[in-house]
Amino acid sequence: MPKLTVQGVGEFDVAEGTRLVKALVEDAKTDQLHACGGNSRCTTCRVKFVEGEPDKMTEAEKETLRARGVTEPGVRLSCQIACDSDMTVELISRLEGSGRADQGSPVAAEIQPPPVWTSK
């Protein structure tokens with residue numbers, strides 16, 4: 001079972017394959033944003049990897065980050081990552097202070113759109 005460490009929040013055991021955005025909201029009980037419902041259409045679910053950043057990413061994530069001008073190393077979309085190994089992240093896109101009414105639309109259990117994997 002992978003261990004998810006969220007800086008300033010704690011450590012959590014998550015079921016292997018759980019989408020990171022779902023683990024952050026459901027397991028870690030954080031206020032992580034996910035405005036588009038986890039479909040790689042926005043960048044509200046951004047996190048910064050401290051340790052354990054996956055070597056692969058979906059083509060959808062790569063394109064969304066490029067289109068939105070997100071270039072900071074280690075910043076990834078939590079909706080496009082499966083918890084397959086231990087990882088440590090910093091929350092950088094939270095409901096608190098965002099001015100939004102809620103965290104976002106419900107997130108499916110599987111990565112959406114169906115992933116086409118590529119190197120990061």
Legend entry - Rounded to whole Hz, the Karplus (6.51, -1.76, 1.60) HN-Hα couplings of segment 113-120, x for glycine and proline: x, x, x, 10, 8, 8, 7, 7
Inset, instruction - Would you list which lysines come within 20 Å of K29, measuring only between C-alpha atoms, while excluding same-chain residues fewer than 8 positions from it? - result: K3, K48
Inset, instruction - Please calculate how many Å² of accessible area the chain carries per residue, with a 1.4 Å probe and no DNA, RNA or ligand atoms counted. - result: 51 Å²
Inset, instruction - Can you pull the one-decimal nm distance between simple spin-label points at E63 and D13, each 7 Å off the Cα toward Cβ? - result: 3.9 nm
Inset, instruction - Hand me the GluC sites (Glu not before Pro) from segment 26-99 located in a DSSP loop with no more than 14 other Cβ atoms within 10 Å, in residue order please. - result: E96
Inset, instruction - Apply the Karplus parameterisation 6.51 cos²θ - 1.76 cosθ + 1.60, with θ equal to phi minus 60°, to every residue of segment 18-30 and state each ³J(HN,Hα) to the nearest whole Hz, in sequence, with x for glycine and proline. - result: 4, 5, 4, 4, 5, 5, 5, 7, 8, 8, 8, 6, 8
Inset, instruction - Over 16 Å, how big is the tail of the calculated P(r) for segment 36-103, in percent of all Cα pairs? - result: 46 percent
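Which value results for Rg/Rh of the chain when Rg is the Cα radius of gyration and Rh the Kirkwood radius based on the inverse mean 1/r?
Reported Rg/Rh, Kirkwood definition of Rh: 0.92.
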Inset, instruction - Using +1 at the Cβ of each Lys and Arg and -1 at the Cβ of each Asp and Glu in segment 47-120, identify which of G97, Q80, P115 lies farthest towards the dipole's positive end. - result: G97
Inset, instruction - Return the single residue from A101, A67, A28 with maximal mean-square fluctuation; model: Gaussian network over the chain, springs between Cα atoms under 10 Å. - result: A101
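The values are calculated or read from the model by the stated rules, or taken from the named source; none is laboratory data. Fair warning: this is a prediction, and the values are worked out from it, not measured in the lab. Methodologically, a virtual Cβ is constructed for each residue, glycine included, from the backbone with ideal geometry; neighbour enumeration extends over all protein chains shown. For accessibility, only protein heavy atoms count, side chains too; no ligands or nucleic acids. Shrake-Rupley method; radii C 1.70, N 1.55, O 1.52, S 1.80 Å.
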